[in-house]
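Colleague: Here it is: the structure, laid out below.
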Amino acid sequence: MSNVTVCVRFRPLSHKERKTNGDKVCFKRLDSESFVFKDEREEDVIFSFDRVFYEDAEQSDVYNFLAVPIVADAISGINGTIITYGQTGAGKTYSMEGPSILHCNKQKTGLVQRVVDELFQSLQSSESMAMWSVKLSMVEIYLEKVRDLLDLSKDNLQIKESKTQGIYISGATEVSIQNSSDALECLSEGIANRAVGETQMNLASSRSHCLYIFSVQQGSTSDERVRGGKIILVDLAGSEKVEKTGAEGRVLDEAKTINKSLSVLGNVVNALTTGKPNHVPYRDSKLTRILQDALGGNSRAALLCCCSPSASNAPESLSTVRFGTRTKLIKTTPKSTSPEVDSIKKPILDSHGQNDLRDRILNKLRLSLKEEDVDLLEELFVQEGIIFDPNYSVADIDSTCQDAASQEVSLLTQAVEELKETVEELTDENERLRGELELAQEAAAAAAARADGVLLGFVPAVAISSLLRPFGFVPD
């Protein structure tokens, strides 16, 4: 098990902060891992983290410490997540994207661009990989709905869980990217679709939580197995105090939703670090559900706490730092997510092999799979230029077909698991609605009873006498 890596980054003072409070700051640096913070009562508190990036830190410093190990692990089949957290306007999006995803000098490029460059450099330079692929998805959580930023028609994606994939976003667009330029163009398109708005603290404040998801697959020539790993970069919307941001109308609704999801994130962290995580409220928000694997699951995780250094923002910065301190206590169990089934038992090495062997394999597969599945495989073979070693034996072909059948069973099992989860969610929702209906019926019955009592109290005595006289009752 390993702890979540937690770093703190103080951005430089803004022009507005200097105009309001001069050069007064709320911390004093000690070393690269510790600093003294002055709280609301002007008391000194020492905080220590894996690394502290002060206002003179370069973007490359943040990347090299936080992201390089996670990128290397993803190529080896271990999932990784990097989260930026903090007050609105504290530098989260700058750390993640830099001033622009496409147009900025190399020194200022953010985590996203550097992750992309590192991925392709590592994959393209490796001599031990027979094949590799990278796919990109990009979504945002806006007003508690998961929206696909690469296809805006998908505005309410569902979060699913399976034994093979863990937590994933069902139906999210996946774009195959061949190089850094392709990736940055897609990212630029997605960022342009993201929900942003102006507040008194930030001209382009993020109004949603944004997730960049890179799925990496690579086949090694050494162990003949395909590995798959994911890198998830999470740019959280900033926590807000309404009196500081001046939020009104829809912006206020956005702020309430943002603060609620961040509050649930805090509850999850508290549940994971109290030593008694009997119930961790992952399902209380879309954000925490998606981050379930990163927070206490089988993924490496890193948190970058972004803070304003200004004394005017000391309470918010202190809250961010304390959140980081608690998150550092979370234990994760990162492990390889490589699939159990080899994609092809013998690697694709001989470009002068014979295509009839490929046809023999396809004919064998037709005995185990549906015709349309085999046609799809044949199309993929052609697209990828797959030609097999002519020395590939019949026993190897039989083994490959057995693996294909096993994979089909695995996919069916996964579908059943997803269906079970959906049924559980619907059952929970049904119980909730039934409870609300019972409460409404009880309230209606009580209201009716009160109404009857009021009406009876207003029936005149003469009317009562006239009603009783036919039955032989004559009141005094």
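Only the coordinates and a few stated rules stand behind these numbers; no lab work does. The model shown is predicted, which means the values in this text are computed figures rather than measured ones. Reconstructed Cβ throughout: ideal geometry from the backbone, glycine too, with neighbour counts over all protein chains shown.
Colleague: Scan around Ala130 for amide H atoms under 5 Å from its own, H built in the peptide plane at 1.01 Å from N, and keep only partners 5 or more places away or cross-chain.
Modeller: Gly219, Ser220, Thr221
Colleague: At what distance in nm do the modelled label points of Lys256 and Thr274 sit from each other, each positioned 7 Å from its Cα along Cα→Cβ?
Modeller: Each label point is offset 7 Å from its Cα along the Cβ direction, giving 2.7 nm.
Colleague: Can you bin the range 89-195 into rounded, prolate or oblate? Criterion: square roots of the alpha carbon gyration tensor eigenvalues sorted a ≥ b ≥ c, rounded for a/c under 1.5, prolate for a/b above b/c, oblate for the rest.
Modeller: Cα axes put the range 89-195 in the oblate bin.
Colleague: Per residue of the range 263-274, in order, report the coupling 6.51 cos²θ - 1.76 cosθ + 1.60 (Karplus, θ = phi - 60°) as ³J(HN,Hα) in whole Hz, putting x for Gly and Pro.
Modeller: 5, 5, 4, x, 5, 5, 4, 4, 5, 6, 10, 7
Colleague: Say R0 is 35 Å: what FRET efficiency, to the nearest 0.05, do Ser170 and Gln107 get from their beta-carbon distance?
Modeller: 0.35
Colleague: Ok, one more. With a point put 7 Å past each Cα toward its Cβ, work out how far Ser181 is from Glu55 in nm, to one decimal.
Modeller: 4.0 nm
Colleague: Gln158 to Ala444: FRET efficiency via 1/(1 + (r/R0)^6), r the Cβ-Cβ distance, R0 35 Å, to the nearest 0.05?
Modeller: It comes to 0.50.
Colleague: If you average the alpha carbon positions of the range 108-158 and of the range 5-75, how far apart do those two centres end up, in angstrom?
Modeller: Comparing the Cα centres of the range 108-158 and the range 5-75, I get a distance of 27 Å.
Colleague: What list of ³J(HN,Hα) values in whole Hz, one per residue of the range 75-89 in order, does the Karplus curve 6.51 cos²θ - 1.76 cosθ + 1.60 (θ = phi - 60°) give from phi, with Gly and Pro shown as x?
Modeller: Taking θ as phi minus 60°, the curve returns 5, 8, x, 10, 5, x, 9, 10, 10, 9, 9, x, 4, 4, x Hz for the range 75-89.
Colleague: What whole number of Å gives the distance from the Cα centroid of the range 265-307 to the Cα centroid of the range 162-188?
Modeller: 23 Å
Colleague: What is the set of long-range amide H partners of Leu30 at a cut-off below 5 Å, with H atoms built 1.01 Å from backbone N?
Modeller: Counting only residues 5 or more places away or on other chains, the set is Phe35, Val36.
Colleague: What is the set of long-range amide H partners of Thr164 at a cut-off below 5 Å, with H atoms built 1.01 Å from backbone N?
Modeller: Close amide H contacts, sequence-distant or interchain: none at all.
Colleague: By its C-alpha gyration tensor, with a ≥ b ≥ c as the square roots of the eigenvalues, how is the range 281-334 shaped: rounded for a/c under 1.5, else prolate for a/b larger than b/c, else oblate?
Modeller: Prolate, since a/c reaches 1.5 and a/b exceeds b/c.
Colleague: Here is a follow-up. For a test of the definition: using alpha carbon positions, the gyration tensor, and the 1.5 limit on a/c, classify the range 1-152 as rounded, prolate or oblate.
Modeller: Judged from the Cα gyration tensor, the range 1-152 comes out prolate (a/c at least 1.5, a/b above b/c).
Colleague: I need the calculated FRET efficiency for the pair Thr20 and Ser319, taking r as the beta carbon distance and R₀ as 22 Å, to the nearest 0.05.
Modeller: E(calc), rounded to 0.05, equals 0.65.
Colleague: Say each of Arg29 and Lys331 gets a label point 7 Å from the Cα, pointing the same way as Cα to Cβ; how far apart are those two points in nm?
Modeller: 3.5 nm
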